[in-house]
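Notes follow once the structure below has been shown.
Here, each number is a calculation from the coordinates, and none is a lab measurement. Model, not experiment: these values are computed from the prediction. Positions of Cβ are generated from backbone atoms using ideal geometry, with glycine treated the same way; all protein chains shown enter the neighbour counts.
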Amino acid sequence: MESNHLQPRNAIKIFTAVVFCFAIMEGFSINIFSNYLVDAFNVSDEMRGMIETPRELPGILGMFILSALVLYADVSLAIMAQSLCVIGLLVLGTLSPNFEMMILFMFVYSLGAHLYFPLEASMLMSLSEEGKMGATMGRVKAVSTFGYLISAIAVFFGFRSGFLDFTTPVKMPFVLGALACATASMLLLTLRKSLSGMPKREKSKLLFKKEYMPYYLITFAYGCQKRIRLVFGLWVFVKLLGYKADFTALLLIASAAVGMFLSPQFGRLLDILGLRKALIFEGAYMIFIFGIFGFFARSFAQGTVPPSPILLGATVLIFIGSDATRFFEIFHAYTMRCIAEKPGDITPSLSVGQAVDHVMAMSISPVFGIIWAAWGPQWVFWLAGASALFQLYVGLHFPKQCDLQ
């Protein structure tokens with residue numbers, strides 16, 4: 001592997017700009033994709049869940065594609081991934097495709113994004129200075145969060161002013177997202193020229209061991225909970241309350257602002273409680289958040305309680321609380337590190353966890369879409385809360401000595 005001190009000093013700055021551009025792209029695309037589906041296609045509740053299957057399939061395919069392209073450097077693969085995002089978003093944004101073609105190019109865009117996710121982490125670690133990896137990753141994460149904020153603010157004012165609209169022939173949010181990815185691609189080309197060669201990835205087989213079952217169980221449960229957070233949490237505001245993309249942007253602005261404060265607090269919580277108690281806390285938190293979210297969703301769906309400002313404000317707080325569950329991924333990564341028999345098992349086992357996550361996303365979303373339509377939205381959230389029993393079980397049965405490592 002090439003030593004980091006041999007790389008140009010501005011390499012990490014260039015890559016930080018790439019991460020910022022990708023965050024901008026996500027803010028103009030996936031973060032408001034539910035609004036696009038409603039405004040452009042008026043999709044049903046069942047169909048909204050089913051659409052998640054082709055959108056999440058690249059999360060599984062990406063592992064095999066990256067393994068097959070192991071001879072290529074990460075920076076070259078990242079350029080390819082960004083190019084796929086550009087193609088998919090440009091077609092969605094400029095050609096007003098029919099529903100079937102929309103699914104196809106949504107898949108193309110999603111494939112590019114899912115190929116890029118693991119490459120970003122790998123490249124960031126390769127470019128970080130020895131002994132400063134944690135600090136560097138923290139700074140880049142802050143820049144990424146700032147990108148989410150900037151795009152969310154732009155979405156809010158863009159939809160309020162009418163400049164951004166999903167009912168027009170040209171969907172400007174997707175066009176802007178494509179431009180952000182194109183900028184990222186050009187920056188990556190500059191980065192590739194400035195480096196003598198990024199280290200190639202090592203082949204590794206997917207690893208499944210019964211000793212790692214605690215990690216697989218919490219990943220299984222979290223895959224279900226994450227899907228509810230990403231898809232059906234916003235669906236409450238879009239479908240039940242009829243809010244447009246500008247309100248969605250406000251939600252994401254508030255959530256990102258709170259998240260910038262909460263992220264380090266979750267890390268400190270792990271240090272204070274230890275892994276065993278942290279997993280118990282995670283399970284209890286999930287049950288509480290999704291349980292309350294279910295009661296609010298039922299009230300809105302049945303019309304038993306009018307959406308007063310107080311109730312709406314409480315629902316926004318619960319949404320922000322559910323969005324904060326993404327920081328529990330810190331606990332999960334540490335769980336795998338804690339129970340790994342050897343360091344070489346960590347990466348392939350995390351790949352298995354990622355596969356479990358996306359299998360859950362593909363299978364559970366259509367089912368939950370049907371449950372939403374047939375029995376009511378509250379059951380979607382209550383079942384997500386019930387899945388947190390896995391986290392509670394793992395926490396209660398986790399070896400205490402692991403917290404001392």
*asked:* I need the peptides 87-98, 229-240 ranked by packing, meaning the mean over residues of other C-beta atoms within 10 angstrom, with the highest value on top.
replied: 229-240, 87-98
*Going by average Cβ neighbours within 10 Å, how do the peptides 100-110, 59-69, 169-179 rank, with the highest at the top?*
169-179, 100-110, 59-69
*Among 25-31, 139-145, 246-252, how do they line up from the highest to the lowest mean number of other beta-carbon atoms within 10 Å?*
25-31, 246-252, 139-145
*Quick one: if the Förster radius is 30 Å, what FRET efficiency do Phe99 and Ala374 give, using the C-beta to C-beta distance and rounding to 0.05?*
0.85
*Which ³J(HN,Hα) values in Hz, rounded to whole numbers, follow from the phi angles of segment 145-150 under the Karplus curve 6.51 cos²θ - 1.76 cosθ + 1.60, where θ = phi - 60° and Gly and Pro get x?*
4, 4, x, 4, 4, 4
*Estimated FRET transfer efficiency (Val143, Leu311; beta-carbon r; R0 35 Å; 0.05)*: 0.45
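Of Lys141/Lys226; Lys141/Lys277; Lys210/Lys342; Lys171/Lys239; Lys171/Lys244, which ones are farther than 23 Å apart at the Cα?
Table pairs above 23 Å Cα-Cα are Lys141/Lys277.
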*Report ³J(HN,Hα) in whole Hz for each residue of segment 220-237, in order, from the Karplus equation J = 6.51 cos²θ - 1.76 cosθ + 1.60 where θ = phi - 60°; Gly and Pro get x.*
4, 5, 5, x, 5, 5, 5, 5, 5, 4, 6, 9, 8, x, 5, 4, 4, 6
*Order of Ile153, Ile287 from fewest to most other C-beta atoms within 10 Å?*
Ile153, Ile287
*Neighbouring Cβ atoms within 10 Å as the yardstick, rank Arg337, Arg268 fewest first.*
Arg268, Arg337
*Local electrostatic count, Leu230, Cβ distance below 12 Å [Lys/Arg +1, Asp/Glu -1]*: +1
